[in-house]
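A quick write-up on the structure given underneath.
The values are calculated or read from the model by the stated rules, or taken from the named source; none is laboratory data. Everything numeric here is computed off the predicted structure, so don't read it as measured data. Don't worry about glycine lacking a Cβ; one is built from the backbone with ideal geometry, like all the others, and counts go over all protein chains shown.
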Amino acid sequence: MCEAVIPTCRDMAELVTGYLEGTLSIRTRAAARLHLAVCDACTRYYDQMRRTIRLLGGTPPPAPPEGAEERVIRAALPPGQGESGGS
Ligand SMILES: [Zn+2]
């Protein structure tokens, strides 16, 4: 129940839009970000979408609640990963 389900590349096609529009739940955002962290293709797709939205003068991506997102991601990652040491 508290496990983050990492979406597939196919899911990401839809999630990226929501991610950029800020319509995803914090949990889904974190899952999408986890996928982006491990998938080059989707990272490129995400980058492209972000640029396209900016060019179109669409909704600017809202500032995500960094702390909350990080916490969800950290909870989903196996221990030992994403160490930055900032307490
Ligand atoms: Zn992918």
Any pair with Cβ under 7 angstrom, 6 or more apart, that starts in the range 1-26 at a residue that is under 23 Å from Leu77 (Cβ atoms) and ends at one that is modelled with pLDDT under 90 and among the acidic types (Asp, Glu): Ile26/Glu69
Give the residues of the range 6-57 that are in contact with a Ser or Thr (Cβ under 9 Å, 6 or more places away or on another chain) and aliphatic (A, V, I, L, M), sorted by residue number. Leu15, Leu20, Leu36, Ala37, Met49, Ile53
What number of residues in the range 1-56 are over 18 Å from Glu70 (Cα atoms), within 15 Å of the ligand (Cβ to nearest atom) and surrounded by fewer than 13 Cβ atoms within 10 Å (Cβ to Cβ)? 9
